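Quick notes on the structure that follows.
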Amino acid sequence: MAIDISEDSDARSEMNDALSKMKDAGLERKDARFEVNDGSMSKLVKHYRRIFKIDEIVDDVVLHWYSGALLLGFFITFNAWIAKKSTTLAGAEAGNNVCWPIFQNCRDYIWLSGLPEGYSQTSVFMAMFGVMLGCVYGMYRKKWDLVHFGILLLFIVKFYFSALTNESGNYDYYHNAFCIIYLFFGHKKFFAQLTLVFFYFLSVATKIHPSWVLGQYFTALKTGLPFVPYGAEIVATNFLMVMEMVGAWFLLSKNKILQRSAFTFFVIFHLYSGILVEYRYPATVLPPLLILFGPFFKKPEIPPIDFRSIPGWSFMAGFLVLQMIPHMIPGDEKLTLEGNFYGLFMFEANHQCYGKFTDGDGKKVSDFLSTAANERCDPYRHWFRAKHRFCKNPNSVYGFVMNHSINGDPFREIVNVPNICTLTYRPFTHNEWIKDETEAPMVGRPRQNGYGFYSVVRR
Amino acid sequence: MKNINELPIIDLHLSQNEPAKLNETQELVLPYLTHVETTYWIAWWGVLAYLVVRFILLPFFRKVTLRSAKRSGSGNLDSRTSDRVASQSRRESRIGEHKDRQ
């Protein structure tokens, strides 16, 4: 069959011309739309976009999905907090609230009332529900400055409630870090990826302890480590430590096989960990992991070394310092709990404790016990609650004895003081009234315990 | 110091559970625990130091050197920098030629 080549090439060039005209027209329309937007955009919005580096979010589909992951984190957190007593006036008066050691007068800033005393706390949380819906609408309309502003509001509210009580778990540490990077820093995607990997790495610092090196956390549990045969716990715990210390960095590898292997490992790890920690931790960490290192991950970002990256790098250095604080305070922080909450502390030790408060005559006025492995038996918490309950009269005298066991090791009498009302708690140094493993006498042996908050008894 | 086995067992409503104790594997590792922990710490700091040097400090110093070399004039550029500049200009000229052909 004869083909007229010249005619064919003419037709092709005409088609190419038409296509390029269409493309140009499309680009012009797009430019015009931006011009209209730029024209009507107020100075405030322009400044907002510049200060918070919204352009990075606009241009990156990974950060679009990441915004959704942050919203999910807020939803899960606020769902758990909406009925929380410890952040309400009545709760604080009833002694439910424990302030952070670095902010011991936090009760002065509690002003909300929860059900059944009032509606203000639930109103705030429902307003935040509305903000979350607004963010979803912003995502649908691709209004990323609106989404960013909504997440900023949610973060401010979360920060307020977090400051009022030291009940926050490590999932909040993750979520807060993810939010801060998304909201305030340049190179958002890179630092979000680095934070996740760095947190795996930092978490090893709290695991270098018999809890994990010997696997004692899990052998002290009656039910052991899920699906791991008795005696093999030590292999599983050390394998995870090595993976978190070295393997996690391969999430950022340009070698596809290594990157995908590390990714698969950590996905399985989070699903597995949920058997113990339930939904909240996997729901906070898994979505960012899937978004940042899953199907969207093409090649690693080059670590930025520029002016814009200074806050991000400083933030990472800050995490390292926070993680080191408990190691700088004398004594085993798993036993004394001094400085334990500044860094990552998940599964740092299996706890059991019991103790009592006595009046000036030595008569018991209150006691407590906990056999829940994850109830941390922090002497500061018991002291703080009791001080606010008993020491309203300046001349009050109340004694305090507390025995604490970690990882199935003997109970040690870590506190035995004649008067809690005269004590103070220093957040960054060792407190003499809390005895460490070298001073605290052994008083008994524990039995194997369980995981969960259900075995805590206070009277 | 008291022998641990002589200590009384504290039940805390857990009388149906066995007293917590180390298993055989743990007993085996226990004498070397301090060494293992030290090794972990050395490895941990080692990994961190390697990554900081490899991905932050070296690129930073390279950048600073490059910038100071540029500032002091192209005559002072080291061979690597001049190679990079040359390859960049070659790439740009190739792109230009390609565009011209189109």
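The values are calculated or read from the model by the stated rules, or taken from the named source; none is laboratory data. Bear in mind that the values here come from a model prediction, so they are computed numbers and not experimental data. Using ideal geometry, Cβ is built from the backbone for each residue, glycine included, and neighbour counts are taken over all protein chains shown. In case anyone asks, the SASA skips ligands and DNA or RNA and just uses the protein heavy atoms, side chains included. Shrake-Rupley method; radii C 1.70, N 1.55, O 1.52, S 1.80 Å.
Scanning the stretch A:164-173 for residues that are open to solvent by 10 Å² or more (accessible area, probe 1.4 Å) and assigned to a helix (DSSP H, G or I) gives A:Tyr171, A:Tyr173. For A:Asn374, are the conditions met, namely being touching a residue at least 12 places away in the same chain (Cβ under 8 Å), under 18 Å from A:Asn166 (Cβ atoms) and among the polar types (S, T, N, Q)? For A:Asn374, the condition - touching a residue at least 12 places away in the same chain (Cβ under 8 Å), under 18 Å from A:Asn166 (Cβ atoms) and among the polar types (S, T, N, Q) - is met.
Put simply, of A:Val213, A:Val197, A:Val228 the only residue that is under 30 Å from A:Leu63 (Cα atoms), within 14 Å of chain B (Cβ to nearest Cβ) and of a type outside the set (Phe, Trp, Tyr) is A:Val197.
Rundown of residues vs (1) touching a residue at least 40 places away in the same chain (Cβ under 8 Å); (2) assigned to a helix (DSSP H, G or I), yes/no style:
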{"position": "A:Ile257", "(1), (2)": "no, yes"}
{"position": "A:Ser261", "(1), (2)": "no, yes"}
{"position": "A:His270", "(1), (2)": "no, yes"}
{"position": "A:Gly274", "(1), (2)": "no, yes"}
{"position": "A:Pro282", "(1), (2)": "no, yes"}
{"position": "A:Val285", "(1), (2)": "yes, yes"}
{"position": "A:Pro288", "(1), (2)": "yes, yes"}
{"position": "A:Leu292", "(1), (2)": "yes, yes"}
{"position": "A:Pro295", "(1), (2)": "no, no"}
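Would it be correct to say that A:Trp100 is of a type outside the set (S, T, N, Q) and open to solvent by 70 Å² or more (accessible area, probe 1.4 Å)? No; evaluated as a whole, the condition is false for this residue.
Among the residues of the stretch A:377-409, the ones that are open to solvent by 20 Å² or more (accessible area, probe 1.4 Å) and under 21 Å from A:Gly224 (Cβ atoms) come to 1 in all.
For the stretch A:408-459, filtered to residues that are in a loop (DSSP other than H, G, I, E, B) and of a type in the set (Ser, Thr, Tyr), the residue that is modelled with the lowest pLDDT is A:Tyr451. Report, by residue number, each residue of the stretch B:14-49 that is outside any helix (DSSP H, G or I), facing another protein chain (nearest Cβ under 7 Å) and farther than 14 Å from A:Thr219 by Cβ. If the condition is that a residue be outside any helix (DSSP H, G or I), facing another protein chain (nearest Cβ under 7 Å) and farther than 14 Å from A:Thr219 by Cβ, then B:Leu14 is the only one that fits. Pairing residues of the stretch A:316-335 that are more than 12 Å from chain B (Cβ to nearest Cβ) with residues that are assigned to a helix (DSSP H, G or I) and acidic (Asp, Glu), at Cβ distances under 7 Å and at least 6 apart in sequence or on separate chains, gives A:Pro326/A:Glu333. Among the residues here, A:Val321 does not qualify as at pLDDT 95 or above, part of a strand (DSSP E or B) and open to solvent by 10 Å² or more (accessible area, probe 1.4 Å). Screening the candidates A:Leu152, A:Leu133 for the property of being farther than 30 Å from A:His382 by Cα and either free of Cβ contacts under 8 Å to residues at least 24 places away in the same chain or among the β-branched types (Val, Ile, Thr) (or both) yields one hit, A:Leu133. Residues in the stretch A:231-243 that are open to solvent by less than 10 Å² (accessible area, probe 1.4 Å) and at the interface with chain B (Cβ under 10 Å from one of its Cβ atoms): A:Glu233, A:Met241. Does at least one position in the stretch A:339-351 carry a residue that is loosely packed, with under 15 Cβ neighbours inside 10 Å, under 26 Å from the mean Cα position of the chain (by Cα) and within 30 Å of A:Phe190 (Cβ to Cβ)? No, there is no match, as no residue in the stretch A:339-351 is loosely packed, with under 15 Cβ neighbours inside 10 Å, under 26 Å from the mean Cα position of the chain (by Cα) and within 30 Å of A:Phe190 (Cβ to Cβ). Scan the stretch A:218-249 for residues that are over 22 Å from the mean Cα position of the chain (by Cα), among the aromatic types (Phe, Trp, Tyr) and farther than 22 Å from A:Pro446 by Cβ and the total you get is 2. Could you list, in sequence order, the residues of the stretch B:31-59 that are open to solvent by 70 Å² or more (accessible area, probe 1.4 Å) and touching a Pro at 6+ places or on another chain (Cβ under 9 Å)? Matches in the stretch B:31-59: B:Phe55 only.
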